[in-house]
Amino acid sequence: MVRAQSLGMVVTGLAGLCAGCLNGASPWTRATPPPSGSDSGPTVAGHPAEPLEPTGPATDGAASSEVQEVERQINQFLDALARYEESQPTTPQDVPSPPPVAPGGESSREPEPPSPGALGVGSPGVNTGLVLEPAATDASAVATPQPAPVAPVIQGVTIHSAPPLAEPESADAQTVGVNTAMEPSSSAESESLDGMIERLRGHIAEHPNDTEAIWRLVLLELARGDDVRIQEHLEGVARETGDAISTTAEVLRTVREALSEPGPASDRALDAIQRLRNHFTRDAELLIPDVALCTRVSTFGVYDEMDPSALVPFRANPVIVYCELRNFHSERTAEDLYRVTLSSRLEVLTADGRSVWTHEEPQIVDRSRQRREDFFLAQRVSLPAELGPGDYVLKVMIEDTTASKATEATHSFRIGPTVVSQAGP
């Protein structure tokens, strides 16, 4: 019905256009006759049309024939329109309404999206609805897209206390504590230490010269507080190595006693430390920490160094060569004395390294009732008169013949101009 009304509007417009031609000069002089086979007159959109009355005489025959041709075409169009309306359903809701036409001939209304499930896959509907049959659940069906996997993210952590455990039968049986203090088991600690000691003793019985295992065994026995029978562990090692291990163990034992009971225990700890120092001094590097040319030497570290201007060229210059010695070896003799045996060599070199004077002492022996802690050499020598003015270097070389080790040190000095040259020719 809506479509018929729209077509009627078009026909009315055409009729108006034709009516515009019916002015004072129009040849229309009669009503439009009805088409053949019809009882009614001409209609416009299903309604009778008013008869067209001419407003003036026809101008000529050509104009009258043209009007008749237009009248015939309009009547044919109206007849076709009437037959079309009779063939359409009369219920308003069965006739779809066309979308409004925008200027330019395009529809100004967006097509309504089909309802979910109204269209089948690959079967588009054209102005009609479709019902989707239940989809088959086979492998060929279109799979529903799955969301991309998302990595887990920890947003928070909550710690809850565990329920209290049942009381253990005894304190020693408790091995795991929850929110409670724990104390080491003395019996477990003692058993572990005893097991390590027994394993080391078995290893040393099979490898009596394993000094590393012996040293670990001694330390564990000291940690347990045992009276270490050190000599039983040292039967398979060299004498000097055994002395070092036994002396070190004695130092540890006496130092522990001195920390708990100061006094006489401190003296014993110092004696043990000194014995350990003396043991390693034999293998330590021999050192000469200080060399000087002196006019007087009183004792270790107390001396008067010579003024450089006192050395006169081309004249014999008596001096005392003072040098200190460290890490020397003291040998205990049958007379219960401590003996140090050395040899020395003095040499004077020019600035360019040329040797101009030497002095040697093949054997220097020092004996004392106590082991010396400080040791120095003071040698009175006379520099030769052949030495002219200039810069020189005194090289001191000392050998510890008992320990078979040697060392050397240097001291730079200068001999000034002669007295004659200072007074003039």
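Tabulated data for the structure shown
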read-out: 9 Å beta-carbon shell around L286, net charge (K/R +1, D/E -1); value: -1
read-out: Gained length - F280 relative to D366, 0.36 nm times residue gap less alpha-carbon distance; value: 28.9 nm
read-out: Ranked by how many other beta carbons lie within 10 Å on average, peptides 393-404, 192-203 from highest; value: 393-404, 192-203
read-out: Ordering of 294-300, 250-256 by packing [mean C-beta count within 10 Å, highest first]; value: 250-256, 294-300
read-out: Spin-label pair E335/R201, simplified geometry with 7 Å Cα→Cβ offset, distance in nm; value: 4.8 nm
read-out: Within region 226-240: backbone nitrogen closer than 19 Å to the E212 label point (7 Å, Cα to C-beta); value: 234, 236-238
read-out: R0 of 35 Å, Cβ-Cβ distance L252-N179: FRET efficiency to nearest 0.05; value: 0.30
read-out: Chain lengthening between T358 and E69 when straightened (0.36 nm per residue, less Cα-Cα); value: 88.3 nm
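Read-outs: derived from the displayed coordinates by stated rules, not from any lab. Computed from a predicted structure; not experimentally measured. When we count neighbours, we look across all protein chains shown, and the Cβ atoms used for this are built from the backbone with ideal geometry, even at glycine.
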